[in-house]
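Take a look at the structure set out below.
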Amino acid sequence: MSAQATSAAEPQRNYLNADYGIKSWLLTTDHKRIGLMYLLTMTLFFFLGGAFAVAIRLELATPHGDLVESETYNKLFTMHGVIMIFFFLIPSIPAVLGNFLLPLMLGARDLAFPRLNLLTWYLFTIGGVFTLYAVVSGGVDTGWTFYTPYSSTYANTHVIATALGVFITGFSSILTGLNFIVTTHKMRAPGLTWFRLPLFVWAHYATSLIQILGTPVLATAILLVGIERLFGVGIFDPKLGGDPVLFQHLFWFYSHPAVYIMILPSMGVISELISTFARKRVFGYSFIAMSSLAIAILGFFVWGHHMFVSGQSVYAGVVFSLLSMLVAVPSAVKVFNWTATLYKGSIQFSTPMIYALGFLGLFTIGGLTGLFLATLAVDVHVHDTYFVVAHFHYIMVGGALMAYLGGLHFWWPKITGRMYPEFLGKISAVIIFLGFNLTFFPQFLLGYLGMPRRYHVYPDEFQVLNVLSSAGASILGLGYLIPMAYLVWSLKYGKRAPSNPWRASGLEWTTPSPPATFNFDRTPVVTTEAYHYSEELGAPRTGTDVREVEIV
Amino acid sequence: MWQDAPLFPESASTISDSVDQLYAFLVVVSLFFAFGIATVVVFFAVRYRRRQGVIPARIHGSVQLEVVWSLIPLGLSLVMFFWGAKLYFATLDPPPGAMDVYVTGKQWMWKVQHPTGQREINSLHVPVNRPVRLTMTSEDVIHDFYVPAFRTKRDVVPGRYTIAWFEATKVGEYHLFCAEYCGTKHSEMIGSITVMEQHDYERWLTGVAAGETPQEAGARLFESMRCNTCHSGQDGARGPTLTGAFGKPVQLRDGRVVPFDEDYTRESILNPGAAVVAGFDSIMPTYEGQLSEDQLMQLLAYVKSLGAEGGDQ
Ligand SMILES: [Cu+2]
Ligand SMILES: [Cu+2]
């Protein structure tokens, strides 16, 4: 008996209508509902962080700092960074899409520890509340990097509340990682061997390793800042006998790998999108899978590239430069493999695919400019300038956020049971791509010309490029509002989604849209590799393509 | 050579052209890959767009290709690494004969002192074609001394000295920025570097009240703080002689050998117990809290001048 039979009929009950009432959500242990709760909270954070970005770009449209005071400006970029990184980008793909999809892709009924999963959402939300408290009670102005001794001794804003928020959210991240790792090891359906796993799962596995190994170091660093600030114990402030650069080591030991926490899951999403819309197996499956692990491991040994001008030993600088160059290789390998996947495919330009192609372009630029920053003599000049700002926005917004949006569109039918409007989807994907480039490309030029980051006022000669960037930001902002509007609209008015609208091959598409509470009526048995498309085998097309799945 | 290109900042130091060349190399490699990949993606996307009845090929990968496209980026990135590291090392140490300028960062201003004693705030006048060595520290948080036209950047860290240098090649006025976020008026912690012909510089020096030079002030402090009671330089003195010491390796009691540099001098004064010289007792009192950053700099300048004296003998 084939799996199509089970998915053919619309089920009466699914995870959304299984129960109603606020309690059924707040106490749920269903990974899909928890994923949705993350989606809601994180979207709020995204728009809050976005609002700060709008204010920043408005201010920078003129060189003289005439919109807000310096103090306010510093709070704006700090809150923008803290919220976007810790409360949006780091959790975005794992906590929303990963939570929703991992058990479905593995053929499991839930994550290994469903209640722990719910706990992570509470930790995330409580951490968010602390940070929001810091925002409304006056803000914090240390920059998201919390450099000491400014953060530990000199700043007189709400450092403790913010740091506590980040600290607590960190545990949400650690526990999610733990849950994903155990689930991937223990809950795979019969026949779903490691090398039959979708690359999305590989990417999340690698991400989880970083979350578990790196986040505790950040927690320690933040705790130490708190201790120094509250009790005056000399850890980082030289006036108290501490070492300010020590903080940078601890901070970047986590925060460089954190870049990979943000980008690896998006690479997993891209692999799914490209193979589905090219209807081909991902080229070099095992190289992509292994490059995720290589990135996760190498990513832990490059933190010193943030400190080339901090006075760390020059030999350390050389080693970190070399290792940073090496990290570029697995990323390049992925880009080449995705490109090769398109070769002789059957490519369809649906919204998710447009996001995926956009990702390819922006991630490539982000990656290449990373090489500039790893090159010692050039980094000395561009470090802490707008070049760095542009670089990491290309990776984290151009990369991670594009993939997140692409993935959200791709799995939206599965998550909500509704289709989004395709035409609007395509239009807004293109607007976002163009707006993004107009916003951030000028910042590379500004950086090499020497404009330092975190500048509230700046010399007049930088204005033209700043105006371009601000103009781009307004287009980009509009681009984000459109999907926000039509996705909400689609919840009620969207076409009902079939179980497999993209004729994709993943196990998640064998369930109805939206899936039932326990995902699969009976445990599927997997007999083929991932990305197994019937056309490839020359078989006649059927209404839905699914992996050959036997029901025991 | 790149001066006239609108995308490059002014190039006004001995290293700025070399940095620009390396940067230009990186830009060319990046453009090649970015356009290359974009072209291939667009070509594939158009050529293999979905058409009725066309069946996608069954291709799973190719180990040869993987090897090739791992080795090419590896090779290129190693070229970047070596070039970058080589330039970095070549420009690490100032050429001999550099003029010593002392810089103190403080929320939110730059204080500088010339070897001849002149002080400036948020501006620095230097002669053209003469290496300038900056010994920098901060009175509070971390700042960063950044002169885009010179491609020079160095963090200015409290509790230690960092060294930067440049040799200006073009007369003019250039931006000095603080590049490390340091609080409310970070973006106003800026100044200007004025590069002048040697004779203009000398004229400028005479126009500014000089006061004591850092090393004169240091010599005075050395007496008034009674350092000279132990560091008299005579046989049997309770402390080691400082004449000829700076810049040489020091043998410590615990067996370590450390260079006698700026930070070592600082530590010896503020935390003498941390590194005790072999053959001496740990009797030197700490001066922590008794000396301002300025005074420490002056003592350092004096200790350095003693070092130079010894070297000549
Ligand atoms: Cu990094
Ligand atoms: Cu600053």
- Note on the structure: Here the whole-number average of other chain Cβ atoms within 10 Å per Cβ of A:358-364 is 2
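Which order do the peptides A:228-240, A:383-395 take when ranked by the mean count of other beta-carbon atoms within 10 Å per residue, highest first?
On the way: A:228-240: 17.6, A:383-395: 23.6.
Those peptides, ordered most packed to least, come out A:383-395, A:228-240.
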- Quick one: helix A:70-84 against the long Cα principal axis of chain A, what's the angle to the nearest 10°, folded into 0 to 90? 30
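Residue A:20: net charge of surrounding residues, Cβ under 15 Å, Lys/Arg +1, Asp/Glu -1, itself excluded? Write out the running numbers ahead of the final one.
Numbers: positive: A:13, A:23, A:33; negative: A:19, A:30.
Here the count lands on +1.
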- Message: Using DSSP H assignments, which helices in chain B have an axial alpha-carbon span of 27 Å or above and a mean Kyte-Doolittle hydropathy of -0.5 or higher?
- Response: B:16-47, B:63-90, B:293-312
- So for R0 = 60 Å, FRET eff. of residue B:281-residue B:205 from the Cβ-Cβ r, to 0.05, ends up at 0.85
- Ratio Rg/Rh [Cα only; Rh per Kirkwood] for chain B: 1.15
- To the nearest µm²/s, what D does Stokes-Einstein give for region A:407-472 at 25 °C and 0.890 mPa s, using the Kirkwood radius over alpha carbon pairs as Rh? 171
- Using only Cα atoms, find the angle between the long axis of helix A:402-416 and the longest principal axis of chain A, and express it within 0 to 90 degrees, rounded to the nearest 10. 40
- Segment residue A:194-residue A:518, extension gain: residue separation times 0.36 nm, minus the distance between their alpha carbons: 114.3 nm
- Query: Given a Förster radius of 30 Å and the C-beta distance between residue A:230 and residue B:252 as r, what FRET efficiency does 1/(1 + (r/R0)^6) yield to the nearest 0.05?
  - Reply: 0.25
- Message: Just checking the output field for A:329-339: average partner chain Cβ neighbours within 10 Å of each residue's Cβ?
- Response: 5
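Looking at region B:214-310, what % of the alpha carbon pairs are farther apart than 22 Å? Before the final figure, lay out the partial values.
Details: 894 of 4656 pairs.
So the pairs more than 22 Å apart make up 19 percent of the total in region B:214-310.
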- How much accessible surface area, in Å² rounded to 10, belongs to the heavy atoms of residue A:444 with a 1.4 Å probe? 10
- Item | Stokes-Einstein diffusion coefficient of the protein assembly as shown, Kirkwood radius over Cα pairs, 4 °C, 1.567 mPa s, in µm²/s | 44
- Message: How shielded is A:145-155 by partner chains, expressed as the average number of their Cβ atoms within 10 Å of its Cβ atoms?
- Response: 4
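Normalised by the empirical 2.2 N^0.38 Å for globular proteins, what value does the Cα Rg of region A:19-138 take? Write out the running numbers ahead of the final one.
Details: Rg = 17.7 Å, N = 120, 2.2 N^0.38 = 13.6 Å.
My calculation over the Cα atoms of region A:19-138 gives 1.30.
Working with all protein chains in place, sort A:414, B:304, A:23, A:344 by solvent-accessible area computed with a 1.4 Å probe, largest first. Provide the component values of the computation, followed by the final result.
Working: A:414 0, B:304 30, A:23 145, A:344 85 Å².
So, going from the largest accessible area down, we get A:23, A:344, B:304, A:414.
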- Note on the structure: Tilt, helix A:199-231 to longest principal axis of chain A (alpha-carbon atoms), in degrees rounded to tens, equals 30
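For B:151, B:47, A:188, give me the order by solvent-accessible area with a 1.4 Å probe, most accessible first, ignoring ligands, DNA and RNA. Working shown, then result.
On the way: B:151 5, B:47 110, A:188 60 Å².
Descending order: B:47, A:188, B:151.
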- Please tell me the relative contact order of region B:214-310 in percent, rounded to the nearest whole number, where contacts are Cα pairs under 8 Å and at least six residues apart. 40
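The values are calculated or read from the model by the stated rules, or taken from the named source; none is laboratory data. In this text the structure is predicted, and so the values were computed from the model without any measurement. With ideal geometry, Cβ positions are generated from the backbone for all residues, glycine too; neighbour counts draw on all protein chains shown. These accessible areas exclude ligands, DNA and RNA; they are computed on the full protein's heavy atoms, side chains included. Shrake-Rupley method; radii C 1.70, N 1.55, O 1.52, S 1.80 Å.
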